[in-house]
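The values are calculated or read from the model by the stated rules, or taken from the named source; none is laboratory data. The shown structure was predicted, so the numbers you read here are calculated from the model rather than taken from an experiment. Positions of Cβ are generated from backbone atoms using ideal geometry, with glycine treated the same way; all protein chains shown enter the neighbour counts. These accessible areas exclude ligands, DNA and RNA; they are computed on the full protein's heavy atoms, side chains included. Shrake-Rupley method; radii C 1.70, N 1.55, O 1.52, S 1.80 Å.
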Protein chains: 4
Amino acid sequence: MKKLNFASDYTEGAHPKIIEALVSTNLYKTSGYGTDEFSEEAREKIRLACECSDAEIHFLSGGTQTNMTVIDALLRSYEGVIAAETGHISTHEAGAIEFCGHKVLTIPHTLGKINAEQIEKFMQSFLADGNREHTVFPGAVYISQPTEYGTLYSLSELQKLSEACKKYGLRLYCDGARLAYALGSKENDVTLPDLARLCDVFYIGGTKCGTLFGEAVVITEKGLIPHFFTTVKQHGALLAKGRIAGLQFNMLFTDNLYEKIGSPAVEAADRIKEALVKKGYTLFFDAPTNQIFILLDDKKYESLSEKIIMSFWEKPDESHTAVRIATSWAITEQDIKDIIDVF
Amino acid sequence: MKKLNFASDYTEGAHPKIIEALVSTNLYKTSGYGTDEFSEEAREKIRLACECSDAEIHFLSGGTQTNMTVIDALLRSYEGVIAAETGHISTHEAGAIEFCGHKVLTIPHTLGKINAEQIEKFMQSFLADGNREHTVFPGAVYISQPTEYGTLYSLSELQKLSEACKKYGLRLYCDGARLAYALGSKENDVTLPDLARLCDVFYIGGTKCGTLFGEAVVITEKGLIPHFFTTVKQHGALLAKGRIAGLQFNMLFTDNLYEKIGSPAVEAADRIKEALVKKGYTLFFDAPTNQIFILLDDKKYESLSEKIIMSFWEKPDESHTAVRIATSWAITEQDIKDIIDVF
Amino acid sequence: MKKLNFASDYTEGAHPKIIEALVSTNLYKTSGYGTDEFSEEAREKIRLACECSDAEIHFLSGGTQTNMTVIDALLRSYEGVIAAETGHISTHEAGAIEFCGHKVLTIPHTLGKINAEQIEKFMQSFLADGNREHTVFPGAVYISQPTEYGTLYSLSELQKLSEACKKYGLRLYCDGARLAYALGSKENDVTLPDLARLCDVFYIGGTKCGTLFGEAVVITEKGLIPHFFTTVKQHGALLAKGRIAGLQFNMLFTDNLYEKIGSPAVEAADRIKEALVKKGYTLFFDAPTNQIFILLDDKKYESLSEKIIMSFWEKPDESHTAVRIATSWAITEQDIKDIIDVF
Amino acid sequence: MKKLNFASDYTEGAHPKIIEALVSTNLYKTSGYGTDEFSEEAREKIRLACECSDAEIHFLSGGTQTNMTVIDALLRSYEGVIAAETGHISTHEAGAIEFCGHKVLTIPHTLGKINAEQIEKFMQSFLADGNREHTVFPGAVYISQPTEYGTLYSLSELQKLSEACKKYGLRLYCDGARLAYALGSKENDVTLPDLARLCDVFYIGGTKCGTLFGEAVVITEKGLIPHFFTTVKQHGALLAKGRIAGLQFNMLFTDNLYEKIGSPAVEAADRIKEALVKKGYTLFFDAPTNQIFILLDDKKYESLSEKIIMSFWEKPDESHTAVRIATSWAITEQDIKDIIDVF
């Protein structure tokens, strides 16, 4: 029997609507570098969905690329970016931020989240430091929604973070690699217009949320980043056939698809969690989106690993292993049944 | 009437075989980052086509990204890369090489090409310079096949370049953004195995040669670049759904598609050139691949610009303009008829 | 009354022998960039003192410059450097390592020190990480002797660190900004030949140890860093009148001056500590070199601040402040008397 | 007989006044990093000499370091710097500008100089380029006074350059490594106040003009470069004992020493040139400062090389060599007599 694959939310291709659009427009001739009509239309749809008519929107290929390009563009050369020690840029991007010359200034996390008080404290301490001119200047704050732990910032938390950033002249940047799974969660109260209003820049994740690839960067204020197009090119992030990314987001923002595409995955995750807990499993911690974190004793871990592809999360003690399984927008009833049965 | 679009060779989507494969495999679940079976199979097919069983192969998104990532990986931090002053890395990549910390050491070109004598002369001059320890060390040579001028290196020229590089410890890197159009030219005598034998690294262009996006980097010697995967990640160039790139190259290397896909474009270019010359037009220079360079008086340029999207090339004098039109793998009989009629 | 200045060990100019030598050789004509006879002689004396006849030696201006240039030269572009979270490169170098593209991989400290077990644990964890190719590769270990806390690595500790580094292919680099104060401490059992044998690269501090400026980088193995001269130039660290740095080290390594120059400062620190403790003061922690860390209640801190220039160290609780005072090679009996009297 | 050394203008130590000041202040205790009274006083004297009361002034160690730090601070990350192809940053700084991520955009020179028309033409061409967003943006212009060819910009030329820069939003930066030899030339009509008025930033060279080391960066407008101190630290260019640099400039700007120190060297150069021409030698080209360029047939070059240390300049044809000899502020009557006799 083939192993079940719950390793991540980027195991499948693209949403059928996207595939259809790629097929039907395949031989159209368009101009390059995102100047085509599909991309323009996608931008307009995103502006509407974000209620941000001034937003400047760019389509890049992937998450690390987007993070490094935006953060480098947001920072002056002597500045660094504040992030949770568990932030993707802190841990799993091979030093891409440092490659651009900037330090990641890490602070402790609570299930992947940071808060306004921490920013306040960090900045107070920085400003009180008589030697601060010998240190990296904090220039921006990086958060992710949902976080790497599948947790969510509430609207109130995000507002406070945004205020703290404004107070200290820090730009707020939100990594939305899995944003559709936030929007698809019943616990979520942060909308796209909220993100556009409270962040300086954020990106709407495509790769993990229904596209073949692609992330939509939303610069919420015109002129905030001069010549971002050139910076994108300089970072090797400009797509010649930009329309392929644009078209995919065009589909995701037709008939509110993006706001709906994550729900099945989150609902599936909820059902799987419920079933596992009923079977006696222990959640390592609970997260309201599409990632499930389970504590297994090592024997169980070993036997399950023969039947399911999961992600190792951490080893909390000598005899247990925490694992992560992720559901995706493409999950089927059969998948849900299979995973519950196998556990 | 809609304008004819001959601006570039990346105006359409992907070859129908690629679209078919994307459709038929869309909901397969695979592992990420290019570790999937489609990519593995593509690598093996490319190794066979290149007669290079040891080659390490990576799939990246676009040309500038590939150039910057490979060149940065090939160079020590105090080294620069020698290139024609017309090389893509010298002119149209927004300083991506310098962004990685390396100087592009430019030398004069002949219709986009450089030669072994120039390398010899450059290195002799460098080695004779008593102050060379105060200058950038040449570490690699960048060429493109076809060049930005649509011209081709002959096998003999490439062999000599390769020997000159070996003599001086320079790594030879070939940008194959339009490689299919070289392979599809009757004048070409450089095969994929030749490139694999004579270059340290080259890339097989996808974006301009039939894919939605994607370039296949061929590192011809195992271990030449340690941990290139991590360098790719660090440069923001690692695709989460690596399989989408892998699958496209898998198709391009099934039934020798890549070696055939460029021919119609080159044949079309030949027919268009012949017709234009017959009509009394002057070629700015002749190139044996899919790019056509035409000298127009400015009035003609103006009137044609209303009917065809072309690329401005240069302004050789006060009253003339040189333009480029490019044919692509997707060109049709109707396209050929239309462009000839309009001129 | 003028305030006493115990802020640091770089408050004075240079050792009289150095001043004499600068005066007497001032109008000699020499070649530039450290190729002069004074520098050559200094290198030979340092090789002798380090019992390392193969060492390659370069003279740079200051500590941050030396750290960034050496570490950048030691690392491949995808590698980072392991350091104590209190390491100078982690905290007070304005992100100079990140500016060069490398991440500082911080680990906890014990009074400024790290140990072989931590390296072992870090590397085991790195090697066990299935996603390690997505993370920064550890390439080197940074330590300082004495540390930023004035503490010392014992020979045994250094040997174990060196072994751990060798085991995992990490290069060991030691920042010797205050090395003379280690050599001048009665507790020290690590000699220059020990450092040369156990480290890949270290530097012998001049700026804080008796020169006007300058640090001597000792690359303990020939060929370890190719073309370091050019890397020095590229980092803006090459002195045109290299002889001025060379001459100063020439003096420091004449008649074992360097091994003696720190003792008076350490002895003074010992006497001051003894006197302060006798007076009822509490050391924040004890360090065997030229830095004294004192815990003061805030009122005392305020009143003393009017009479002595000290360095703020940290605020351990609401009503206390820890301060640092530093003695230098130039300390006099009067200075010692003054500081004790004022406390 | 010892060879005469005319290789450069940094063969000796420092001006006697500087040495005296270093001796007399050696054991003073001061604060670090250029916050001391000697440096403050030097800054005030420089502001007065430049008639620029708002200028922000920093003391760095050497020319390459100064160029890379200032240019990196002046440019946005997607910008490059325009320079003569013969500019020091283009040729002999080991790629330090590229190390900071910026391209040097070279343009042709006339004996080391560029002019306003070239800037005009470059910018017109850049702005007319439909693909300019794919290229490096010009952000600043680099010139040197005197140039690497010993030539001088006239006030009128500098004014035009400055206007052209302003017109296109380019910052103008002048490398004054040998500035004292411009000020000491009878042909010069550009004063320090002119430089301060017409450049955004320039530096007053110390290393080649009478100090042991050190360059004084003059930022002519407050706030032009935010947190330059931190950028200096980040580039490894901050001196702990900043006072040593400050004190030297303090002396150079006491009693107008800086404006007088270059004259003897320029006068000596004039006398030497006259004598050599009288002896039948041919100048390779004439320059009005302290560098002399002589065309020698190769036999003569060989025989002279045994008696004088000169700098190879270039090889204009098969049987001739052009050499450079440089006089310095420290030149003596005996030196002049010796060099004339030997030729």
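Selection over segment D:277-294 of residues that are among the charged types (D, E, K, R) and touching a residue at least 24 places away in the same chain (Cβ under 8 Å) gives a count of 1. Residues that are under 17 Å from the mean Cα position of the chain (by Cα), surrounded by 15 or more Cβ atoms within 10 Å (Cβ to Cβ) and in contact (Cβ under 8 Å) with a residue 24 or more places away in the chain occur at least once in segment C:264-272.
Being within 14 Å of chain C (Cβ to nearest Cβ) and surrounded by fewer than 23 Cβ atoms within 10 Å (Cβ to Cβ): is that true of D:His134 here? No, not satisfied.
Residues of segment D:70-93 being under 20 Å from C:Phe228 (Cα atoms) and open to solvent by less than 10 Å² (accessible area, probe 1.4 Å), which ones? Result: D:Ile89, D:Glu93. The helices (runs of 4 or more DSSP H) located wholly in segment A:64-137 that include 1 or more residues which are within 19 Å of the chain's Cα centre (by Cα) occupy A:88-91, A:96-99.
The condition of being open to solvent by 10 Å² or more (accessible area, probe 1.4 Å) and either away from chain B (no Cβ under 14 Å) or closer than 26 Å to A:Gln248 by Cα (or both) holds for A:Glu120. Could you please give the count of residues in segment C:235-288 that are of a type in the set (Lys, Arg) and under 24 Å from C:Glu187 (Cα atoms)? Total meeting the criteria: 4.
In the set (1) open to solvent by less than 20 Å² (accessible area, probe 1.4 Å); (2) within 13 Å of another protein chain (Cβ to nearest Cβ); (3) among the hydrophobic types (A, V, I, L, M, F, W, C), D:Ala140 fails one condition alone, (2).
Taking (1) within 14 Å of another protein chain (Cβ to nearest Cβ); (2) open to solvent by 10 Å² or more (accessible area, probe 1.4 Å) in turn, D:Lys166 satisfies each apart from (1). Taken over segment D:62-93, the criterion of being touching a residue at least 60 places away in the same chain (Cβ under 8 Å), within 14 Å of chain C (Cβ to nearest Cβ) and under 15 Å from D:Tyr173 (Cα atoms) is satisfied by D:Gly63, D:Gln65, D:Thr66, D:Asn67, D:Met68, D:Thr69, D:Val70, D:Ile71, D:Asp72, D:Ala73, D:His88, D:Ile89.
Let's see how each residue does on (1) open to solvent by 80 Å² or more (accessible area, probe 1.4 Å); (2) over 17 Å from C:Gly214 (Cβ atoms); (3) facing chain D (nearest Cβ under 7 Å); (4) charged (D, E, K, R):
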residue	(1), (2), (3), (4)
C:Ala14	no, no, yes, no
C:Lys17	yes, no, no, yes
C:Thr30	no, no, yes, no
C:Phe38	no, no, no, no
C:Ile57	no, no, no, no
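Of the candidates D:Gly205, D:Gly210, D:Gly236, D:Gly242, the single residue that is closer than 29 Å to C:Ala237 by Cβ, in contact with a Lys or Arg (Cβ under 8 Å, 6 or more places away or on another chain) and within 14 Å of chain C (Cβ to nearest Cβ) is D:Gly205.
Might you check whether a residue that is farther than 30 Å from A:Phe229 by Cβ, touching a His at 6+ places or on another chain (Cβ under 7 Å) and at pLDDT 95 or above occurs anywhere in segment B:137-144? Looking for residues that are farther than 30 Å from A:Phe229 by Cβ, touching a His at 6+ places or on another chain (Cβ under 7 Å) and at pLDDT 95 or above, one finds at least one in segment B:137-144, hence yes. Residues in segment B:94-113 that are more than 7 Å from every other protein chain (Cβ to nearest Cβ), open to solvent by less than 10 Å² (accessible area, probe 1.4 Å) and touching a helix residue (DSSP H, G or I) at 6+ places or on another chain (Cβ under 9 Å): B:Ile97 only.
Total residues in segment D:268-291 satisfying the condition of being touching a Gly at 6+ places or on another chain (Cβ under 8 Å) and not small (Gly, Ala, Ser): the figure is 4. The residue that is surrounded by the fewest Cβ atoms within 10 Å (Cβ to Cβ), counting only those in segment B:303-343 that are part of a helix (DSSP H, G or I) and out of contact with any strand residue (DSSP E or B) (no Cβ under 9 Å at 6 or more places or on another chain), is B:Gln334.
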